[in-house]
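Take a look at the structure below.
The values are calculated or read from the model by the stated rules, or taken from the named source; none is laboratory data. Source: prediction; values computed, not measured. Here Cβ is always computed from backbone atoms with ideal geometry, including for glycine, and neighbour counts include all displayed protein chains. These accessible areas exclude ligands, DNA and RNA; they are computed on the full protein's heavy atoms, side chains included. Shrake-Rupley method; radii C 1.70, N 1.55, O 1.52, S 1.80 Å.
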Amino acid sequence: MTKNESAREWLYAGKSILFVYGNFFYWLFKEPFPYRQTGEQFIRTMLEGFGTLMIGAVVQGLFLAWLGGHYGGRFGAYIWAGTATTFAIFRETSVLMAGTLFASRVGTAFTVEIGSMQMSGQLDALRLMAVEPTQHIVIPRVLASIISLLLLKALSDGVAIVSTMFFLKHWFGIAYPIFLEHAFEFLKPPILTQSFVRAGIIGFFIGLNACGLGYYFQGGAVELGKTTTKSTVINFIYVLMVDLIFQVVLETTGWGTV
Amino acid sequence: MIEVKNLHVSFSNNHVLRGLDIRIDEQMATVVIGRSGIGKSVLLRSLCGLIKPEQGSILIDGEDITMCSRKKLLKIRNKIGMLFQEGALFDSLSVYENVAFPLTYHHLFSREEIDRKVRTYLDFVEMQEFLDAMPSELSGGMKRKVAIARAMIMEPKYLLYDEPTNGLDPYSSAIVEIMIKKLQQELNITSLIVTHDIELTHFIADRIALLERGIIVSLDSRKDAFREDSLIYEHFIKKRERIQQANGY
């Protein structure tokens, strides 16, 4: 593939995403609202994302326990291991971890599913039945993506904290009461709020980008493979960008900092 | 009646339809034949408003769908059913749900009425035993039959078929052919079929149009189309024989 072709493909991907943003907001407020489809997609995304995100949460706990225990021991600050790890989970790592895993598991599934619907004429069949595919296919997935990521993030926060506690005790002998004594000391409401707002925004972008790339997909199996890769890459970049923008805003305004 | 005048459609630099004219008379089966990639599917998609032409008009019962509002287009589309290539059944829905979908989505009838209609049309296409099957469990021919039932459930005036026998074995092709013929004869549907299947064409066509270089170059009755001096005979039968002979067969 020449550089020009590659650039053209990425340009088309960008255009697809922009188009679907416009379509999403245009159709969001039109009747009929797809309640049933949103409910179905919510259950589906919860089930699809649950396993991956919980494994991610355990690994996250393992990683933070190792760092917390290792440096806690080095500086003689075991008592603060709980505080540091819990703060890290809520302030930063859980949203990043949940976002990237959700994008790989659920986002790519959206792109492949909608892309193959486009390829096999199912989206055209919907249009012919006077059903707008944005309303029937895109909006339910985006809304489900927002709600599921919020809930899965909350669950993965809990799992990550419990697994950090467990590994700190197992590897470094830090008893649960010591961990818990200062664990939530610095977790002020704004930190929790911004963490969940960030997850919601990331969920929105993951859902919409993934659906957009599938919705405006053109070509055959090879192109669908490439589009799916693009969906993952674009969503990873979005997760990092949203996180970065949040950091800048939080640091500038002082909102959500200790 | 569907009337297409001076239809131009192109994608980037590819000018597919170049001033196409055709009239589809009511209660007749018109078959558009042409080589693969010549623009047959583009013509069908333009007729139901899925592709916006650059130029020309498409009159469906006197109303130009290239000029009308989205609301009006949706209303006109109610008159049209389409059988897509491969059927385009929704993978996540069962056979029953697929056929019922247009009615349940728009809440057009009571649950009992929808159930009655779905069973009637599935019975018509002889698929009543597969109500709960998923599309992935069906053969190509069965998928087309279910897709015909789904297209029929809105009781359209016009039915458009995009390569209805493409990729099917001779047995399944014959079943789909009979199904189309049955619809034609029993329900007086106006059909437009695009295909390159000459046997299907011979079996169901009342009129046959030949699409070449983006325009209709010939439109004949079935009898005239298969005469040895016709353009269609020249393009589809003689050419094939010539290629075979040139290669020593």
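Size descriptors for the stretch A:28-96: radius of gyration and Dmax over Cα atoms are 19.1, 62 Å. Among B:S172, B:I237, B:F203, pick out the residue whose Cα is farthest towards the positive end of the charge dipole of chain B, where Lys and Arg carry +1 and Asp and Glu carry -1 on C-beta, about the Cα centre. Highest projection toward the positive end goes to B:I237. Listed by chain and number, the aspartates and glutamates placed with their C-alpha closer than 19 angstrom to that of B:K52 are A:D124, A:E132, B:E3, B:D21, B:D61, B:E63, B:D64, B:D162; residues fewer than eight positions away on the same chain are left out. B:R222 contributes about 80 Å² of solvent-accessible surface, heavy atoms of the protein only, 1.4 Å probe. Lysine pairs in the stretch A:34-252 whose alpha-carbon atoms fall under 26 angstrom of each other, counting only those eight or more residues apart or on distinct chains, come to 4.
Could you work out the percent of alpha carbon pairs in the protein assembly as shown separated by over 43 Å, rounded to a whole number? Tail of the P(r) past 43 Å holds 33 percent of the pairs. Against the main long axis of the alpha-carbon atoms of chain A, helix A:221-253 sits at an angle near 50°. Taking other residues whose beta carbon is less than 11 angstrom from the beta carbon of A:E92, and scoring Lys, Arg as +1 and Asp, Glu as -1, yields +1. For chain A, the relative contact order is 33 percent, taking Cα pairs closer than 8 Å that sit 6 or more residues apart in sequence and dividing their mean separation by the residue count.
With the cut-off at 16 Å, report for the stretch A:14-68 the share of all Cα pairs above it, as a whole percent.
Tail fraction, whole percent: 67.
Net charge of the neighbourhood of B:C48, taken over other residues with C-beta under 11 Å away and scored Lys/Arg +1, Asp/Glu -1, is +2.
The shape of the stretch A:125-258 comes out prolate: with a ≥ b ≥ c from the C-alpha gyration tensor, a/c is at least 1.5 and a/b beats b/c. Evaluated with a Cβ-only charge set (Lys, Arg +1; Asp, Glu -1), the protein assembly as shown carries a dipole of roughly 940 debye about its Cα centre, given to the nearest 20. In this label model, A:Y176 and B:R18 are separated by 8.0 nm, measuring between points 7 Å along each Cα→Cβ vector. In the stretch A:1-117, inverting the average of 1/r over every pair of distinct C-alpha atoms gives 18.1 Å as the Kirkwood radius. Under Stokes-Einstein, with the Kirkwood radius over Cα pairs as Rh, the value for the stretch A:34-252 at 20 °C and 1.002 mPa s is 116 µm²/s. Show me, bin by bin at 5 Å from 0, the whole-percent P(r) of the stretch B:163-246 based on Cα pairs. So the P(r) values, bin by bin, are 3, 13, 22, 22, 20, 14, 4, 1, 0, 0.
Simple rule: put +1 on each Lys or Arg Cβ and -1 on each Asp or Glu Cβ in chain A, find the dipole, and look at A:Y238, A:I178, A:S145; the Cα lying farthest toward the positive end is A:Y238.
Using a cutoff of 8 angstrom between alpha carbon atoms and counting only pairs six or more residues apart, the relative contact order for chain B works out to 26 percent. Of the cross-linked pairs A:K30/B:K145; B:K40/B:K182; B:K40/B:K143; B:K143/B:K239; B:K5/B:K223, those separated by over 30 Å at the C-alpha level are A:K30/B:K145; B:K143/B:K239.
Histogrammed with a bin width of 10 Å, the alpha carbon distances of the stretch B:1-143 distribute as 10, 32, 31, 23, 4, 0 percent, first bin at zero.
Treating r as the C-beta distance of B:E129 and B:D25 and R0 as 51 Å, the FRET efficiency rounds to 0.90. Structural size metrics of the stretch B:93-249, computed from C-alpha coordinates, are Rg and Dmax of 18.6, 64 Å.
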